[in-house]
Amino acid sequence: FSVRQTESAYRYRDIVVKKQDGFTHILLSTKSSENNTLNPEVMKEIQSAMATAASDDSKLVLLGAVGSVFCCGLDFLTFVNSFIQFRKPIVAAVNGAALGLGAALLPLCDVVWANEKAWFQTPYASYGQTPDGCSSFTFPRIMGLASANELLLSGRKLTAQEAGSKGLVSQVLWPGTFTQEVMLRVKELVAVDSLVLRESKALMRNTTRSALEQANERECESLKRVWGSSQGTDAILQYLQRGTELC
Amino acid sequence: FSVRQTESAYRYRDIVVKKQDGFTHILLSTKSSENNTLNPEVMKEIQSAMATAASDDSKLVLLGAVGSVFCCGLDFLTFVNSFIQFRKPIVAAVNGAALGLGAALLPLCDVVWANEKAWFQTPYASYGQTPDGCSSFTFPRIMGLASANELLLSGRKLTAQEAGSKGLVSQVLWPGTFTQEVMLRVKELVAVDSLVLRESKALMRNTTRSALEQANERECESLKRVWGSSQGTDAILQYLQRGTELC
Amino acid sequence: FSVRQTESAYRYRDIVVKKQDGFTHILLSTKSSENNTLNPEVMKEIQSAMATAASDDSKLVLLGAVGSVFCCGLDFLTFVNSFIQFRKPIVAAVNGAALGLGAALLPLCDVVWANEKAWFQTPYASYGQTPDGCSSFTFPRIMGLASANELLLSGRKLTAQEAGSKGLVSQVLWPGTFTQEVMLRVKELVAVDSLVLRESKALMRNTTRSALEQANERECESLKRVWGSSQGTDAILQYLQRGTELC
């Protein structure tokens, strides 16, 4: 891609980070894993790109191509906290499948636009896992426990429209013009004064930040207990094997 | 019904309890009341069956035929607490009408599958009652106050589809294959490791358990104040009379 | 309009207040501003009418024609608190456009019926403003952060049906019979015993009242910071100019 004067591009190994007019665009494009799965290397790169965006002059972060995401991650606690503690708006553009942590993280983003062809699944229990990414806290508050449990325990697969009507997604956009539509809206957001964006996000988020951090900790402790159990090792192996099948 | 080797059946008077492969199935089939209304005897039996399921090796409880439920109950506090404090998943399969406490209790269950012919109504105010079953706490959090008040104050009747889109129900299933579909999904849940089920439910529920217990207490105190008022006795009589009409 | 024996009418300048059988009807009909915008005079009149209704024998308040509402208001804190602290049910009948504070206040009402032609928009960020009316607190809890941010940051315009499915509105009613339908339902609510209405509202609201008051304070402080900034004065001017265009 072309690097214009007002843009700069940093090439990591597994993500592409483009600093554009007023915002930071983080695109998954994994080399070290197949299908954009969130392995520890990818997670480290995203974290580093977010840390840069937190302190530079970009007004928001646009996460893109978080499409077919799958995760065998390690340092969940720090990775998920880097989303919880981010003070600028995070916009997610979900183009394809959002699986596991890739779907669980969406409620930690501020606006979520989904391609109509996108789909969402968090089949933690069927892989012998407990929820992560604060989904055990955010999902019930967004859609009620009846729906949250169906996703997290029963692994129900949601279409984009269903995710929209359950509140996981802000709006479903037409596939043909998805990228243009997202860019148009991102530009409108970038046109907003930084102080207004920061104050708005603080109003929306500050009251739940510490509850989210605690939920994140509880989830990590649960995962350790499950992984430490006799069935745990089997579950992890099964999880890793099926991971590639799912994508 | 046949009792196979891995199953055992305890016949109460008003409910049927079947211990099946990995789960406890509680079915309403009232003799002491018409239309599966939740009178004190029925409530006591459900409570006792739940207490058994809490300590035996069943991984979850499936509540069935909680269809046309109506309630002139007494010891709400203890009964509702037995749902709040239950540590294993509770699956509700709503086949027909869910009325009053029968609908109010659904947010205390973990997954709720509804027959497309099912319907839901909680006309507390029109019977001179205040909400019970923690519905004054759970309904606003699931569907917002605007919808919750319409159900609890104005007594709006919801179809299964509406209950699904408002988040009271996890998913609406086709009438023709309702029981088979529910059983299939229950079996998938039973295949999940107990530790994973317990940890998942703890993650989803532990942060709200004490708030729910307090809501339950406040609701019971409200009912006492209403019942103690001059209009109260009339309201109870009216409530009991119309109860049978509604079913 | 005719004043019957059981009714009385107080004519303010910008609102019409009708005391009807058991309830107080507040209708916007602004003279000092165009398009029913909520300027300080209008807000003072509403507040005074609510204070009267809080202490007289009316069982609830019906807000009507809060249609095309726009706001350049001043004493938000007190005005919004008068909604937060109101102990009787507030019913809102949204006939046309609900903009800015007019839409933000809806979650502080108890039942919200909307004409199918009504629409809703809270484009705070695009006018350089931060959310008010507790919308930064109530919107995420009703519809999830993904949708709330789209409304408050991106200024998405919602149809009545969309507002209904997101939980901002209790039910969408047919335009042809809107007023009759609302009146029918209001009369059913007025038939409910006062004690039951008061206890029900207390059960639904008491647990969040102080959190709402704090949210209101935080929002007012944010607005002061934004208005005090260099871009702030421009934003207010822009806001006032576009205000009339929008309606």
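Where in the range A:199-221 is the amide nitrogen less than 20 Å from a point lying 7 Å along the Cα-to-Cβ axis of A:Leu77?
A:209-221, by backbone N distance to the label point.
What are the residues whose amide H is under 5 Å from the amide H of C:Ile15, where those residues sit 5 or more places off or on another chain and H is modelled from the backbone?
The list, which skips near neighbours in sequence, is C:Ser29.
Take the alpha-carbon positions of the range C:145-233, form their convex hull, and give its projected area averaged over all directions (one quarter of the hull surface) in nm². Let's see the in-between values first.
Working: hull surface 36.1 nm².
Dividing the Cα hull surface by four gives the mean projection, 9.0 nm².
Which links in A:Lys166/B:Lys187; B:Lys44/B:Lys166; C:Lys44/C:Lys166; B:Lys88/C:Lys166; C:Lys157/C:Lys224; B:Lys166/C:Lys157 stretch past 28 Å when you go from one Cα to the other? Don't skip to the answer; put the middle values down first.
Details: A:Lys166/B:Lys187 25 Å; B:Lys44/B:Lys166 31 Å; C:Lys44/C:Lys166 31 Å; B:Lys88/C:Lys166 31 Å; C:Lys157/C:Lys224 26 Å; B:Lys166/C:Lys157 21 Å.
Long pairs (Cα-Cα over 28 Å): B:Lys44/B:Lys166; C:Lys44/C:Lys166; B:Lys88/C:Lys166.
Between B:Leu184 and B:Gln85, what is 0.36 nm times their sequence separation minus the Cα-Cα distance? Round to one decimal in nm.
Values: separation 99, 0.36 × 99 = 35.64 nm, distance 2.64 nm.
Net length gain for the segment: 33.0 nm.
If you put a point 7 Å past Cα along the Cβ direction, how far is that point for A:Asp56 from the same point in each other copy, in nm, smallest first?
6.3, 6.3
For the rotation taking C to A, I'd like to know which residue in chain C has the C-beta closest to the axis, plus that distance in Å.
C:Ser165, 4
For the range A:102-174, report the translational diffusion coefficient in µm²/s to the nearest whole number, using Stokes-Einstein at 10 °C, 1.306 mPa s, and a Kirkwood Rh over Cα pairs. Working shown, then result.
Numbers: Rh = 12.1 Å.
The Stokes-Einstein estimate is 132 µm²/s.
Between rounded, prolate and oblate, where does the range A:164-210 land on the alpha carbon gyration tensor, with a ≥ b ≥ c its root eigenvalues, rounded for a/c under 1.5, else prolate if a/b exceeds b/c? Don't skip to the end; give the middle numbers.
Details: a/c = 4.36, a/b = 1.40, b/c = 3.12.
Cα axes put the range A:164-210 in the oblate bin.
Can you list the copy-to-copy distances for C:Glu221, using a point 7 angstrom from Cα toward Cβ, in nanometres, shortest first?
Ordered by distance, the counterparts are at 3.0, 3.0 nm.
In debye, nearest 20, what is the charge dipole magnitude of the range B:81-168 about its Cα centre with +1 on Lys and Arg Cβ and -1 on Asp and Glu Cβ, if you could check? Before the final figure, lay out the partial values.
Details: 7 positive and 5 negative charges, 23 e Å.
Approximately 100 debye in magnitude.
In which sequence would A:Trp113, C:Trp119 go, from the one with the fewest C-beta neighbours within 10 Å to the one with the most? Walk me through the numbers on the way to the answer.
Values: A:Trp113 26, C:Trp119 19.
Listing A:Trp113, C:Trp119 from fewest to most nearby Cβ atoms yields C:Trp119, A:Trp113.
Would you tell me the mean number of C-beta atoms belonging to other protein chains that fall within 10 Å of each C-beta in A:199-210, as a whole number? Kindly include the intermediate steps, with their values, before the conclusion.
Working: counts 13, 12, 5, 4, 14, 12, 4, 2, 7, 3, 0, 0.
What the average comes to for A:199-210 is 6.
So for A:Tyr12, B:Tyr127, fewest C-beta neighbours within 10 Å to most, what's the order?
Numbers: A:Tyr12 17, B:Tyr127 20.
Fewest-to-most ranking of A:Tyr12, B:Tyr127: A:Tyr12, B:Tyr127.
What average number of partner chain Cβ atoms lie no more than 10 Å from the Cβ of the residues making up C:160-167? Walk me through the numbers on the way to the answer.
On the way: counts 0, 0, 1, 1, 4, 5, 4, 12.
Across the residues of C:160-167, the mean count of other-chain Cβ atoms within 10 Å is 3.
If you rank B:Val80, A:Val16 by fewest surrounding Cβ atoms within 10 Å, what's the result? Each step should come with its number before you reach the end.
Working: B:Val80 27, A:Val16 18.
Result, fewest neighbours first: A:Val16, B:Val80.
Rounding to the nearest 20 debye, state how big the charge dipole of the range B:124-222 is about its Cα centre with +1 on each Lys and Arg Cβ and -1 on each Asp and Glu Cβ. All intermediate terms of the calculation are to be shown ahead of the outcome.
Working: 11 positive and 11 negative charges, 37 e Å.
Value, rounded to 20: 180 debye.
Can you list, shortest first and in nm, the gaps between the label point of C:Met183 and those of its counterparts in the other copies, using a point 7 Å from Cα in the C-beta direction?
5.5, 5.5
Values quoted throughout were computed directly from the atomic coordinates according to the rules given, and no laboratory measurement underlies them. Since the structure is predicted, the reported quantities are computational estimates derived from the model, not experimental observations. In this analysis, Cβ positions are derived from the backbone assuming ideal geometry, glycine residues included, and neighbour counts consider all displayed protein chains.
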